[in-house]
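Engineer: If you scroll down you'll find the structure; I have some questions about it.
Please treat every number below as a calculation from the coordinates, not as lab data. Just so it is clear, the structure is predicted and the values come from calculations on it, not from any experiment. Neighbour counts run over all protein chains shown; Cβ positions are idealised from the backbone, glycine included.
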Amino acid sequence: MANEKKATVRDIAAKAGVSVATVSYVLNDKKDTKISDVTRKKVLQVANLLNYSIPEKYKNIDARKGAYTIGVMYTLMADTPSRNAEILSLINLLAGRFFRIGFNCQLIPLEFTAEYQKPIDGLDGIIAIDLEESVFKQMSGQYFIPILCLDMMINDFLFYQIHTDMESIASQAKEILGEDYCLVIDKYNNKRYCDYLLADLPRENVFFFSDLEGSDYSMLKGKKVLVYGMQLGMIIRQNAKCKDLVVVSGEDNPHIYFKDLKTIHYDIEKKANLTMNIMMNAIEKKFDVKHEYKVF
């Protein structure tokens with residue numbers, strides 16, 4: 001923004017939780033100091049976030065390109081059908097939107113158990129979707145570019161965060177099913193986010209699909225059930241004799257599956273649009289946006 005006050009070394013020190021001298025040493029790339037790699041990375045990330053110049057060698061951009069390149073990092077697992085479908089839908093929406101504004105979109109699938117290795121050159125921003133916390137920590141420490149966490153919760157102001165508003169979904173579920181209902185859901189890689197999704201329900205009322213797979217679903221018989229994801233909803237509808245069933249879906253027309261299907265709709269396109277807009281603002285150094293958003 002044109003009237004935005006320029007950040008100072010003191011601002012960086014306050015945000016990073018270090019001394020002004022430490023910031024000065026890092027930004028001047030002094031090697032004869034006892035500054036840990038963790039502290040050095042934190043200072044550089046804060047400086048970049050506040051649009052303060054950092055040493056060229058720490059930048060991940062090898063040459064100025066005609067268009068920005070956004071890396072999309074994600075993990076797919078064999079036993080999470082609805083989660084995989086949602087991730088792929090998000091990627092498809094994001095790729096289409098970035099393409100229309102002239103951005104490049106580079107897909108970077110990560111193995112759940114694999115350690116993240118060397119950073120990828122040429123990225124201007126990263127969208128991380130539901131990454132396991134240790135994988136995210138290792139990855140994010142190697143970049144000094146905007147990173148947006150999608151369907152993740154990271155306790156760090158450095159990273160923009162967008163996720164589904166589960167409180168609103170739970171409120172609608174209670175209106176339809178009452179207080180005593182069960183939730184069937186895929187497991188998520190990001191533990192903080194998974195805990196958030198399940199916060200309103202007793203643990204005995206939560207069933208992970210990966211634990212149900214191959215069972216006779218008898219534990220759901222006669223129960224009121226909320227299912228997160230259309231793919232899981234179809235499986236539960238066909239295999240479990242529930243008393244009542246409601247499916248949480250981001251699809252525009254979920255009733256093509258069953259006309260009498262009860263659904264709670266969340267806006268996946270709104271999530272994709274918000275992700276694109278915040279990433280554009282972050283890259284162009286516009287800080288008139290919050291760092292955490294809930295979408296419903």
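Engineer: Using +1 at the Cβ of each Lys and Arg and -1 at the Cβ of each Asp and Glu in the chain, identify which of L123, Y196, F209 lies farthest towards the dipole's positive end.
Structural biologist: L123
Engineer: If you don't mind, another one. Over 21 Å between C-alpha atoms is what I'm after, so list which of K30/K118; K174/K243; K42/K118 land there.
Structural biologist: Long pairs (Cα-Cα over 21 Å): K30/K118.
Engineer: Something else about it: Using only the alpha-carbon atoms, how far is helix 230-239 inclined from the longest principal axis of the chain? Give it as 0 to 90 degrees, nearest 10.
Structural biologist: 30 degrees
Engineer: Let me ask something else. For q values of 0.13, 0.20 Å⁻¹, compute log₁₀ I(q)/I(0) with the Debye formula on a Cα-only model of segment 172-296, without solvent.
Structural biologist: Here the Debye-derived log intensity ratios amount to -0.61, -1.18.
Engineer: Calculate one ³J(HN,Hα) per residue across segment 23-36 by plugging θ = phi - 60° into the Karplus curve 6.51 cos²θ - 1.76 cosθ + 1.60, and present them in order as whole Hz with x for glycine and proline.
Structural biologist: Coupling constants for segment 23-36: 4, 4, 4, 5, 5, 8, 6, 7, 9, 8, 10, 8, 10, 5 Hz.
Engineer: What does the charge dipole of the chain about its Cα centre add up to, to the nearest 20 debye, if the Cβ of each Lys and Arg holds +1 and the Cβ of each Asp and Glu holds -1?
Structural biologist: That gives the chain a dipole magnitude of about 920 debye.
Engineer: Sorted from largest down, give the three principal axis spans of the alpha carbons of segment 9-58, whole angstrom values.
Structural biologist: Sorted largest first, the three principal extents are 26, 23, 16 Å.
Engineer: Let's see if you can work this out: charge +1 on each Lys and Arg Cβ, -1 on each Asp and Glu Cβ, no other charges. What is the dipole magnitude of segment 176-296 about its Cα centre, in debye to the nearest 20?
Structural biologist: Approximately 40 debye in magnitude.
Engineer: What's log10 of I(q)/I(0) for segment 114-239 at q = 0.10, 0.14, 0.19 Å⁻¹, Debye sum over Cα points only, no solvent?
Structural biologist: -0.42, -0.72, -1.04
Engineer: Follow-up question, since we're still on this one. Can you give the helix-only mean residue ellipticity at 222 nm for the chain, where every DSSP H stretch with n ≥ 4 adds -39500 (n - 2.57) and the sum goes over all residues, rounded to the nearest 500 deg cm²/dmol? Numbers along the way, then the final one.
Structural biologist: Values: 10 runs with 106 residues, N = 296.
Counting only the DSSP helices, I get -10500 deg cm²/dmol.
Engineer: Further question: A 32 angstrom limit on the alpha carbon distance is what I want to check against. Which of K6/K31; K191/K271; K15/K270; K6/K191 exceed it?
Structural biologist: Exceeds cut-off: K6/K191.
Engineer: OK, next. Using a 10 Å cut-off around each Cβ, can you sort L198, L183 from fewest to most neighbouring Cβ atoms?
Structural biologist: By the 10 Å Cβ count, ascending, the order reads L198, L183.
Engineer: Separate question: Suppose R0 equals 41 Å; then what is the FRET efficiency for R10 and I120 from their Cβ-Cβ distance, rounded to the nearest 0.05?
Structural biologist: Rounded to the nearest 0.05, the efficiency is 0.80.
Engineer: In which sequence would I129, I91, I283 go, from the one with the fewest C-beta neighbours within 10 Å to the one with the most?
Structural biologist: Taking fewest neighbouring Cβ atoms as first place, the list is I283, I91, I129.
Engineer: In segment 139-182, whose amide N lies under 20 Å from the spot 7 Å out along Cα-to-Cβ of N205? List them in ranges.
Structural biologist: 165-182
Engineer: When the convex hull of the C-alpha atoms of the chain is computed, what volume per residue in Å³ does it have?
Structural biologist: Numbers: hull volume 43.7 nm³, N = 296.
It comes to 148 Å³ per residue, whole-number rounded.
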